[in-house]
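**Q** Take this structure first; my questions come after.
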Amino acid sequence: MPNPGNLYEKALTPLKKAAAVLNLEPDVVEVLSNPERVLIVSIPTRMDNGKIKVFTGYRVQHNTARGPAKGGIRYHPGVCLDEVKSLAFWMSNKNAIVGVPFGGGKGGITCNPKEMSAGELERLTRGYAAAISKFVGVDQDIPAPDVGTNAQIMGWFVDEYCKIAGKSIPGVITAKPLDIGGSRGRGTATGRGAFFATLEAVKTYKIPLKGARVSIQGFGNVAQPIAKYLFDLGCRIIAVSDSTGGAFNAKGMHPEKLTKFKKKTRSVRGFPGSKEIETIDPITVDCDILIPAALEGQITKENADEVTAKLIVEEANGPTTPEADKILHEKGAIVVPDVLANAGGVTVSYFEWVQNRMGYYWSDEEVDEKLKKVMAKAFKEVYQNAKQYQVDTTLRTKRAETDLRTASYLTAVQKIVAAMQALGRI
Ligand code: NAD
C-alpha cells in the first residue's frame with residue numbers, strides 16, 4: 001500500500017487553499033487546523049488464550065462549533081493518531097457540507113479485527129466504550145462504524161455505554177442494528193449517498209452513464225451498494241479489489257454475485273470468469289468511473305498520471321494525496337471529493353440520531369427520499385461555490401468549475417467559521 005506519510009499535514013491542504021480564497025485570518029486557520037480534544041486510551045483486553053493484551057484506542061474531537069462531534073470508529077492495524085486526527089478533521093467539513101448539525105470527530109483502535117474472535121472483539125469494544133464514556137454522549141460526541149467495525153460492534157458499544165449511564169440512550173451511537181434503534185437505510189447509506197452524488201456529477205458534467213466502465217478499489221461496506229446501483233443503471237463493473245487481491249473482467253461482473261462470492265471466500269480474488277489483479281490495480285485500469293473505496297493515500301503522484309477515469313468518486317476518506325489531486329485536476333478529471341461523495345453515511349446517521357431522540361421511526365422510502373434531497377442540495381451548493389469563486393486560480397487550469405475539492409472546503413469552512421463567530425469563539 002502506498003504510504004500516505006504525514007497524513008494530517010496533507011489533510012489540511014484543501015483547508016489552506018480554501019482559506020486563501022476566502023482571505024481567512026491566519027489565527028482562524030490555526031484554530032481550524034487543531035483538534036479541540038485528543039484522547040488516547042489503553043484498553044486491557046482478555047484474549048481467548050487467557051492472557052491480557054493492551055490495545056491503544058483514540059477519540060479525536062476536531063471542531064464542535066456546529067454541534068456535537070460525530071464520526072466513526074476504525075478497527076485496523078494501521079490506526080494511529082495522525083490518521084484519526086485527519087479523519088476527525090474530514091468529518092467536521094463533511095458534516096458542514098451536508099448541513100447536519102454536528103461537528104467532527106473520529107475514533108479508532110490499533111488492532112486487527114480479522115484475527116480476533118467475536119468474544120475478543122466484544123471485550124475490546126466494551127473496554128473502549130468504558131474508557132471513552134465520559135467524553136462521548138448524545139449531545140457531546142456520537143460515534144458510528146468505519147473500516148473494520150459494524151452494526152454488532154455498535155450494539156456492544158451502546159450496551160456498555162447505557163450500563164455505565166444507568167439508562168437507555170440509543171442516540172449515543174449510530175448505525176446500530178434495527179432492533180435496538182438503528183435507522184432503515186443506514187447499512188447502504190454511504191453507497192447510496194455516493195450514488196446520488198454520482199448522478200449529480202454525471203448530469204452536471206454530461207458524462208454518459210449507460211455502459212460506463214466502473215472500477216472499484218476496496219469492495220467492502222461502502223463499495224458493494226454503489227456497485228449494485230450503478231450496475232442497475234447499465235454500468236459495467238470491470239474491476240474490483242480488496243486487501244487480498246482483485247478481479248478484472250472487461251465484460252463486467254455482477255455486483256451481487258461478487259458480494260456473495262466475497263462473503264463466502266472472504267475475497268474477490270478468483271471470482272469466476274475474472275482475471276486476477278493486484279489490490280492497487282483498479283486505480284489505473286482503463287475505465288470511465290473510478291471509485292476508491294478502501295483506505296487513504298491510494299492515488300499518489302506515482303500513479304495519478306496513469307488514471308484514465310473521467311470521473312472519480314471518492315467513497316474512501318482521503319484516497320487521493322494533494323500531489324495526485326493536482327495531477328488529476330490538470331488532466332481534466334472530475335473528482336467528487338470524499339467530504340462530499342461519502343457524506344451519505346453520516347447523513348443517515350443524523351436521521352438515526354433524530355429518530356432515536358423522537359422515538360419515532362421512518363420507512364425505507366422516507367429515509368431514501370430525504371437522503372437524495374440532502375446529497376443533491378450539497379452537490380449543487382458545492383458546484384455553485386466552484387463557479388462563484390473560480391477556484392482553479394490556485395491550480396492554473398481552464399476548468400474553474402471542476403475543482404470540487406476546494407469548493408467543498410469553501411462551503412464547509414464558511415459554515416464552520418460562521419458558527420465559531422456566532423459563538424464568539426473567534
Ligand atoms: P470495510 O472494512 O467494510 O471495507 C474496506 C474494504 O477495503 C475491504 O474490502 C478491504 O479488504 C479493502 N481494502 C483494505 N485495504 C485495501 C487495499 N490496500 N487495497 C484494496 N482494498 C483494500 O470499510 P468501509 O466501511 O467500506 O470503509 C471504506 C472506506 O470508506 C474508508 O475510507 C472509510 O473511512 C470510508 N467511509 C466509510 C463510511 C461508512 O459508513 N462505513 C462512511 C464514510 C466513509
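**Q** State which residue pairs qualify: first residue in the same structural domain as His329 (by TED's automatic domain parsing) and within 26 Å of Glu200 (Cβ to Cβ) and inside segment 283-308, second residue among the aromatic types (Phe, Trp, Tyr) and open to solvent by 10 Å² or more (accessible area, probe 1.4 Å) in any location, beta carbons under 7 Å apart, and separation of 6 or more residues or different chains.
**A** Listed pairs, sorted by first residue: Val285/Phe248.
**Q** Considering each residue of segment 299-313, count those that are touching a Lys or Arg at 6+ places or on another chain (Cβ under 9 Å) and not β-branched (Val, Ile, Thr), and give that number.
**A** 4
**Q** Which residues, counting only those in segment 374-396, are open to solvent by 30 Å² or more (accessible area, probe 1.4 Å) and either among the basic types (Lys, Arg) or modelled with pLDDT under 85 (or both)?
**A** The answer is Lys377, Lys380, Lys387, Tyr389, Gln390, Thr393, Thr394, Arg396.
**Q** Separate question: Given the residues Tyr161, Tyr128, which is the only one that is open to solvent by 20 Å² or more (accessible area, probe 1.4 Å), away from the ligand (no atom under 16 Å from the Cβ), part of a helix (DSSP H, G or I) and within 21 Å of Val79 (Cβ to Cβ)?
**A** Exactly one residue qualifies, and that residue is Tyr161.
**Q** Now for a separate question. Quick one: which of Val31, Val41 is open to solvent by 40 Å² or more (accessible area, probe 1.4 Å) and within 30 Å of Ile132 (Cα to Cα)? Please lay out each step first, then the result.
**A** Working: Val41 fails: open to solvent by 40 Å² or more (accessible area, probe 1.4 Å).
None of the other options fit; the residue is Val31.
**Q** What number of residues within segment 291-324 are more than 13 Å from the ligand (Cβ to nearest atom) and either assigned to a strand (DSSP E or B) or open to solvent by 20 Å² or more (accessible area, probe 1.4 Å) (or both)?
**A** Within segment 291-324, the first condition is being more than 13 Å from the ligand (Cβ to nearest atom), and the residues that meet it are 301-302, 304-312, 321-324.
Within this subset, residues satisfying the condition of being either assigned to a strand (DSSP E or B) or open to solvent by 20 Å² or more (accessible area, probe 1.4 Å) (or both) are 301-302, 305-306, 308, 310-312, 322-323.
Residues flagged as more than 13 Å from the ligand (Cβ to nearest atom) and either assigned to a strand (DSSP E or B) or open to solvent by 20 Å² or more (accessible area, probe 1.4 Å) (or both) within segment 291-324 amount to 10.
**Q** Further, regarding this structure: Restricting the search to segment 131-149, which residues are within 16 Å of the ligand (Cβ to nearest atom) and surrounded by fewer than 17 Cβ atoms within 10 Å (Cβ to Cβ)?
**A** Within segment 131-149, none qualify.
**Q** Same structure again: Being open to solvent by less than 30 Å² (accessible area, probe 1.4 Å) and not in a loop (DSSP other than H, G, I, E, B) is the filter here, so list the residues in segment 101-117 that pass it.
**A** Once the filter is applied, which keeps residues that are open to solvent by less than 30 Å² (accessible area, probe 1.4 Å) and not in a loop (DSSP other than H, G, I, E, B), segment 101-117 yields Gly103, Gly104, Gly105, Lys106, Gly107, Gly108, Ile109, Pro113.
**Q** Of all residues in segment 226-249 being touching a Lys or Arg at 6+ places or on another chain (Cβ under 6 Å) and within 14 Å of the ligand (Cβ to nearest atom), which is nearest to Phe196 (Cα to Cα)?
**A** Result: Phe248.
The values are calculated or read from the model by the stated rules, or taken from the named source; none is laboratory data. Note that the structure is a prediction, hence the values are computed from the model and not measured. Cβ sites come from the backbone with ideal geometry, for glycine too, and all protein chains shown count toward neighbours. All accessible areas refer to the heavy atoms of the entire protein, side chains included, with ligands and DNA or RNA removed. Shrake-Rupley method; radii C 1.70, N 1.55, O 1.52, S 1.80 Å.
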